Amino acid sequence: MTGASASINRIEVGGRSWILRLESSLRDEVRDPKRSYACMCAAAEAGLAPPVLYADPDAGVAIITFVESRPLDDYPGGPEALARALGSLAARLHATQLFPPVADYPSLVGGLLERLQATGLYRGLLDPHRDALERLRAAYPWDASRLVSSHNDSHPGNILFDGERLWLIDWETAFRNDPAVDLALLTMYRAGTPDLQEALLTAWRGRPSDPVLRARVFLMRQFVKLFHGCATGLYVLERQPDFAETDMTAPSPAEFSAAFRAGRLTSNSFEAQRIGARVALRSFLEGVRSPAFDEAAATLRAG
């Protein structure tokens with residue numbers, strides 16, 4: 001299987017299964033095996049990631065224990081138990097020894113947007129996103145003293161359930177970051193209702209959430225959407241450098257997911273990637289323009 005920047009292969013050695021990860025030669029502000037392999041090995045030592053047999057960041061080669069996974073929907077106790085388990089997993093990750101840093105997350109997202117604008121993929125259609133990002137940056141109080149070890153890409157595809165416990169995989173974008181990034185991702189993908197979000201945040205925090213935490217997570221979701229929209233758009237251009245969009249029309253996230261379930265889209269296809277980028281960029285704008293954004297921003301100003 002080939003992803004955005006690595007080839008992932010299952011191999012059999014001595015009657016055991018392993019994952020052979022081969023990095024591409026692409027390097028940028030996010031893709032850096034020296035950092036990501038250090039994070040992966042630290043997470044493995046902490047019991048958060050599958051054990052690592054071998055890792056050579058200079059060669060871009062890693063051999064990792066293969067985990068036979070089951071659907072997250074099979075987690076015992078249902079969605080609420082899974083939400084609590086995910087919150088506990090995030091708490092353990094955030095308590096590990098600090099990962100290496102990169103640029104602060106808002107600046108990193110801003111840099112990705114600038115790169116995407118410079119490509120011409122959207123032909124000047126990203127000006128509203130640039131303005132919305134400035135509004136978001138002004139609303140979110142960045143505090144470098146809060147940074148923790150963060151996965152930064154904890155969507156369901158990077159969470160394995162082996163029938164007993166959860167594992168985090170694919171540490172390419174791991175670095176020291178605001179804990180709200182992981183919480184934003186986990187609540188977006190696996191805790192879509194207020195009750196499930198509260199279960200996750202309570203498990204992470206060790207006590208019930210409060211309006212300030214919920215506001216931080218809501219605003220961080222908008223950063224995360226823009227990050228993924230920009231990163232996916234840049235990946236689209238890596239696959240077809242001359243491709244250009246003519247508008248930003250996109251389905252809703254629910255409609256996008258339904259297209260996969262119905263078989264109209266397949267994972268990692270070019271069409272899925274180009275639509276997925278537009279879905280994330282649309283959702284980002286809608287989030288920043290929503291009444292909930294104003295409420296969250298006011299909560300953080302008051303708190």
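The values are calculated or read from the model by the stated rules, or taken from the named source; none is laboratory data. If you're wondering where the values come from, they're calculated on a predicted model, not measured in any experiment. Positions of Cβ are generated from backbone atoms using ideal geometry, with glycine treated the same way; all protein chains shown enter the neighbour counts.
Things to note:
- Test: residue in segment 107-117 that is out of contact with any strand residue (DSSP E or B) (no Cβ under 7 Å at 6 or more places or on another chain), under 18 Å from THR173 (Cα atoms), without any contact (Cβ under 8 Å) to a residue 40 or more places away in the chain and polar (S, T, N, Q): yes
- Condition check for ARG216 on (1) part of a helix (DSSP H, G or I); (2) at pLDDT below 95: one failure, at (2).
- Scanning segment 21-35 for any residue that is touching a residue at least 60 places away in the same chain (Cβ under 8 Å), in contact with a helix residue (DSSP H, G or I) (Cβ under 8 Å, 6 or more places away or on another chain) and either farther than 27 Å from PHE227 by Cα or surrounded by 18 or more Cβ atoms within 10 Å (Cβ to Cβ) (or both) turns up at least one such residue.
- Out of ALA83, ALA95, ALA62, ALA90, sole residue that is hydrophobic (A, V, I, L, M, F, W, C), out of contact with any helix residue (DSSP H, G or I) (no Cβ under 7 Å at 6 or more places or on another chain) and at pLDDT 95 or above: ALA95
- When segment 11-45 is limited to residues that are more than 20 Å from PRO100 (Cβ to Cβ) and outside any strand (DSSP E or B), the one that is modelled with the highest pLDDT turns out to be GLY15.
- Residue within segment 141-150 that is part of a helix (DSSP H, G or I), over 19 Å from GLY303 (Cα atoms) and either in contact with a helix residue (DSSP H, G or I) (Cβ under 6 Å, 6 or more places away or on another chain) or at pLDDT 95 or above (or both) present: no
- Any pair with Cβ under 7 angstrom, 6 or more apart, that starts in segment 275-303 at a residue that is closer than 22 Å to LEU213 by Cα and ends at one that is at pLDDT below 95: SER283/PRO253; LEU300/PRO141
- Test: residue in segment 231-254 that is under 29 Å from GLU198 (Cα atoms), in contact with a helix residue (DSSP H, G or I) (Cβ under 9 Å, 6 or more places away or on another chain), touching a residue at least 24 places away in the same chain (Cβ under 8 Å) and of a type in the set (Phe, Trp, Tyr): no
- The set of residues in segment 81-124 that are over 21 Å from the mean Cα position of the chain (by Cα) and either part of a loop (DSSP other than H, G, I, E, B) or more than 30 Å from ALA138 (Cβ to Cβ) (or both) comprises ALA81, GLY120, LEU121, TYR122, ARG123, GLY124.
- Of the residues making up segment 239-259, those that are over 15 Å from LEU121 (Cβ atoms) and surrounded by 13 or more Cβ atoms within 10 Å (Cβ to Cβ) are PRO251, PRO253, PHE256, SER257, ALA258, ALA259.
- Among the conditions (1) surrounded by 13 or more Cβ atoms within 10 Å (Cβ to Cβ); (2) of a type in the set (A, V, I, L, M, F, W, C); (3) within 29 Å of ALA90 (Cβ to Cβ), the only one that VAL236 does not satisfy is (3).
- First in segment 148-176 and within 21 Å of LEU22 (Cα to Cα) and without any contact (Cβ under 8 Å) to a residue 24 or more places away in the chain, second anywhere and of a type in the set (A, V, I, L, M, F, W, C) and assigned to a loop (DSSP other than H, G, I, E, B), Cβ under 9 Å, 6 or more apart: GLY157/ILE169; ASN158/ILE169; ASN158/TRP171
- Test: LEU48 is touching a strand residue (DSSP E or B) at 6+ places or on another chain (Cβ under 6 Å), part of a loop (DSSP other than H, G, I, E, B), surrounded by fewer than 20 Cβ atoms within 10 Å (Cβ to Cβ) and hydrophobic (A, V, I, L, M, F, W, C): no
- Residue match in segment 188-205 (condition: buried (at least 22 other Cβ atoms within 10 Å of the Cβ) and either without any contact (Cβ under 8 Å) to a residue 60 or more places away in the chain or assigned to a loop (DSSP other than H, G, I, E, B) (or both)): yes
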